[in-house]
Amino acid sequence: MKYLPLKTPIGDAVGLLLPAFVLTSLAFPMQAAAADDAAPIEQVTINGTIGPPYQAKTASLGPLGQRAVLDAPYSIQVIPAELLQNQQLKSVTEAFRYLPSVQGENIRPQTRGLQAGVVQNTRIDGMNIASTTDYPAEQFDRIEVLDGLAGALYGPSNPAGTFNYVLKRPTATPLRSVNVGYVTEEGRAASADLGGTFGDTQRFGYRINLLDENGEGYVDNSNLKRQLASIAFDTRIGDDTTLETNASRYHYTTKGFPGTFALANNVHFPSAPDPDRVGYGQPFAGDDNVTSTGSLRLIHRFNGDWQLSAGLLRQDSDRASTVPTNTLTSNAGAYQTTAATTTFSLDTVLSNTIALNGHVDAGGVRHDLVFSNTGFDWKRYTPNHTGAITLGTATLDNPLIFKEPIFPDFESRFKALTTRQQSLTLGDGIGFNDHWSASLFASQSQIDVSNYNKAGLTISQFHADGPSTNATLSYKPQSNMNVYGSYADSLQQGDIAPTGTVNAGASLEPYRSKQWEFGYKIDFGKMQAGAALFRIERPFALVDTDNVFKTLGDQVNKGLELTANGAATSHLSIYGGLSWLDPRVFDTGSAATSDKEVLGLSRIVGSLLFDYSVPEIRGLAVNLFLNHTSSMQGDNANTYQVDGHNVADLGARYNNQVMGRSATWRLAVKNVTDQRYWANITPSGQNGYTGAGNGTGTLGAPRTLRLSLQMDI
């Protein structure tokens, strides 16, 4: 397989676009204006310093509303729209690579080595959504990640962080932006981003995002199709009230790409094979997901001190997953391929939130108060006919395409699980003076879970309630610095017993997780940096000698996170960081699993993006992204390790004027050295446990090319 532009139709695409690039750059001189900061994408002004600072001064913190990142006593990371666009990222999953403390490829997203729940940790505009489907980057203005425990703010959830995807909103000035692009090997994409206002006093605003991508991927006879229709519509009801409405439908199909790799007993992961080799995936197998989401959010400002917000979101995530699993049956590379192993084919989520925020001054002390209620109703549906379908056997040296089987009807299904969760949160952020502040938050939550069989009979259920708390203390030695410490404990839903156990399918009683965190932040204006030291502890469940899945030990994750982003010089912007993690399981009662590292987690992960605007060629910028992961444990017993990887991406973009319109050309070569690597090793259970003693592996993508032209029209 070749990746450079000599192979049709990539060669044809580049052959067409590169001469056009040269001609337009010569025929239409760039009109530049010197400025310190990059202009928003919807403006046509082109700045002498192209590189955006890749900064976010504020972030959404659920019921707390919009808060300054510097002042918030939490580890918060934000991926802004400029980074999503300039790196030509296609999905939220791809964006997670830029955050060293986050993993998200082929798993529910996680921070600090802990996987998120399906619904509890992931949100759009602060409201719960399913994390087990794909989300297009084109739909969002930014991606916000709050590392670690957040149960006191958001309600019971795994201590895996909170992932909030912020939708694009209407623009005050007309926005008419189109983008066309090519992707290795035959992928073609077109998208439009349209926004503006209308009506008396411009009281109505809209933002429309359309996407159509289709074509062969980096494997012969593979296919990637992405189709998005999304609209955000705002109505200003008076001067102090705004109603935000949103609706989207996203159809994501991927077939023929490498499946996951599992292991039989006493088999180890080999060196990563070539991911573009035909046969590790099947041209008829993959994902076919349709995600429909609609939401309403009302924001009312009583005065300069008090605000009320309320929202409701409904999502249907319909999945027909036939991704193949290649189970290695010997260390010589023999494997058996199965497909259609998905347990659930439909998730429906009805999420709600209401929050009252305000501040009062009493006795020279400022109180930032919050009263909120948030929760969701989540239903999961299982196909009536389930079970892995065996396709055939092959070897890593001689992979095969198998005959397409008859897959089950994924739309013929029954309701298998319902979860209802609701939390009442009270909080007080106390400002003693310009240097010292503290906060106290507490939520009282209830969780109701029911499991059903095909006949609709309840096979297990439980009700639980309890508090989650968070206390912080902050000291600002200077106005641009913040030193903080925090303690949090959080209720979380218990794990579900795996297949083959006595209590298979049953949900365990809720756990309680605890976290200590100490951090430091500094904001130099054009550059931000931070450090966070943490310790997280939670119960750990596994299968006991009586074949019952139960809580037997404790998982303790300790680590350090370092981050930096912004304009390092007038021409160089950086974005990235480094994380160190020590994830261990204790007191399981078995020497094979006690005091062992959790499998699949690298101790050291680093990611760093360099974005350099070339001063000698106005309008030109180049970028380099480096991603490093250290080795990871291959099994629960820590008997061997899987190699880490070093991956580099190269890119360039050029801003000019085409027929008086702003245009941006972007070129990206992903995995420029064509590194073969395991992108992750994932345990079967979201708590890091796997009954087989090992996990499943996902191959990283090979070298690929992306080329696009974005224009204002």
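The values are calculated or read from the model by the stated rules, or taken from the named source; none is laboratory data. Just so it is clear, the structure is predicted and the values come from calculations on it, not from any experiment. Counting neighbours? That spans all protein chains shown, and the Cβs are built from the backbone with ideal geometry, glycine included. Ligands, DNA and RNA are stripped out before the accessible areas are found, and what is left, the full protein with its side chains, is counted by its heavy atoms. Shrake-Rupley method; radii C 1.70, N 1.55, O 1.52, S 1.80 Å.
Data overview
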{"item": "Selection from the range 145-190 of residues that are open to solvent by 30 Å² or more (accessible area, probe 1.4 Å) and among the hydroxyl-bearing types (S, T, Y)", "result": "T173, Y182"}
{"item": "Criterion violated by W516 - all others in (1) within 22 Å of V78 (Cβ to Cβ); (2) open to solvent by 20 Å² or more (accessible area, probe 1.4 Å); (3) touching a Phe, Trp or Tyr at 6+ places or on another chain (Cβ under 8 Å) satisfied", "result": "(1)"}
{"item": "Index of the failed condition, K225 passing every other in (1) buried (at least 16 other Cβ atoms within 10 Å of the Cβ); (2) under 18 Å from E94 (Cα atoms)", "result": "(1)"}
{"item": "Top-ranked residue of the range 464-484 - restricted to ones that are touching a residue at least 40 places away in the same chain (Cβ under 8 Å) and hydrophobic (A, V, I, L, M, F, W, C), ranked as least open to solvent (accessible area, probe 1.4 Å)", "result": "A464"}
{"item": "Out of Y182, Y154, sole residue that is among the aromatic types (F, W, Y), in contact with a Ser or Thr (Cβ under 9 Å, 6 or more places away or on another chain) and closer than 16 Å to L61 by Cα", "result": "Y154"}
{"item": "Candidate set: the range 199-213, residues that are modelled with pLDDT under 95 and of a type outside the set (D, E, K, R); chosen: the one surrounded by the fewest Cβ atoms within 10 Å (Cβ to Cβ)", "result": "T201"}
{"item": "Where Q515 falls short, out of the listed (1) touching a Pro at 6+ places or on another chain (Cβ under 7 Å); (2) in a strand (DSSP E or B); (3) over 18 Å from N158 (Cα atoms)", "result": "(3)"}
{"item": "Residue that is closer than 30 Å to L328 by Cβ, in contact with a His (Cβ under 9 Å, 6 or more places away or on another chain) and charged (D, E, K, R), where the choices are D240, D288, D274, D220", "result": "D288"}
{"item": "In the range 445-463, the residues that are part of a strand (DSSP E or B) and surrounded by fewer than 17 Cβ atoms within 10 Å (Cβ to Cβ)", "result": "D448, T458, I459, S460, Q461, F462, H463"}
{"item": "Search result, residues across the range 127-144 that are open to solvent by less than 20 Å² (accessible area, probe 1.4 Å) and under 14 Å from the mean Cα position of the chain (by Cα)", "result": "N128, I129, A130, S131, T133, Y135, P136, A137, Q139, F140, I143, E144"}
{"item": "The lone exception for P498 - which of (1) surrounded by 16 or more Cβ atoms within 10 Å (Cβ to Cβ); (2) at positive phi; (3) of a type outside the set (K, R); (4) part of a loop (DSSP other than H, G, I, E, B) it fails", "result": "(2)"}
{"item": "Count - residues of the range 194-230 that are free of Cβ contacts under 8 Å to residues at least 12 places away in the same chain and among the hydrophobic types (A, V, I, L, M, F, W, C)", "result": "1"}
{"item": "The range 450-463, residues that are under 19 Å from Q493 (Cα atoms) and either touching a residue at least 40 places away in the same chain (Cβ under 8 Å) or among the aliphatic types (A, V, I, L, M) (or both)", "result": "N451, I459, S460, F462"}
{"item": "Qualifying positions in the range 214-231 - closer than 23 Å to L699 by Cα and either assigned to a strand (DSSP E or B) or hydroxyl-bearing (S, T, Y) (or both)", "result": "N214, G215, Y218, S222, N223, L224, K225, R226"}
{"item": "Where a residue in the range 625-653 is under 12 Å from L608 (Cα atoms) and among the small types (G, A, S) and its partner, wherever it lies, is open to solvent by less than 30 Å² (accessible area, probe 1.4 Å) and part of a loop (DSSP other than H, G, I, E, B), with Cβ under 8 Å and at least six apart", "result": "A648/N671"}
{"item": "Among (1) assigned to a loop (DSSP other than H, G, I, E, B); (2) under 29 Å from D428 (Cβ atoms) - the single one A152 does not satisfy", "result": "(1)"}
{"item": "Within the range 561-629, strands (runs of 3 or more DSSP E) holding 3 or more residues that are open to solvent by less than 60 Å² (accessible area, probe 1.4 Å) and in contact with a Pro (Cβ under 8 Å, 6 or more places away or on another chain)", "result": "572-586, 604-613"}
{"item": "Residue count for the range 388-400, restricted to those that are assigned to a loop (DSSP other than H, G, I, E, B), open to solvent by less than 90 Å² (accessible area, probe 1.4 Å) and more than 13 Å from T325 (Cβ to Cβ)", "result": "3"}
{"item": "Hits in the range 539-559 (condition: more than 15 Å from L149 (Cα to Cα) and free of Cβ contacts under 8 Å to residues at least 60 places away in the same chain)", "result": "D544, T545, D546, N547, V548, F549, K550, T551, L552, G553, D554"}
{"item": "Test: N326 is open to solvent by 10 Å² or more (accessible area, probe 1.4 Å) and in contact (Cβ under 8 Å) with a residue 40 or more places away in the chain", "result": "no"}
{"item": "Residue in the range 330-341 that is farther than 30 Å from F371 by Cα, open to solvent by 10 Å² or more (accessible area, probe 1.4 Å) and free of Cβ contacts under 8 Å to residues at least 40 places away in the same chain present", "result": "no"}
{"item": "Unique match (being over 28 Å from the mean Cα position of the chain (by Cα), within 30 Å of T393 (Cα to Cα) and open to solvent by less than 60 Å² (accessible area, probe 1.4 Å)) among G279, G238", "result": "G279"}
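Yes or no, residue by residue, for (1) out of contact with any Gly (no Cβ under 6 Å at 6 or more places or on another chain); (2) within 28 Å of L457 (Cα to Cα); (3) surrounded by 14 or more Cβ atoms within 10 Å (Cβ to Cβ):
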{"site": "A355", "(1), (2), (3)": "yes, no, yes"}
{"site": "H385", "(1), (2), (3)": "yes, yes, no"}
{"site": "I406", "(1), (2), (3)": "yes, no, no"}
{"site": "Q421", "(1), (2), (3)": "no, yes, yes"}
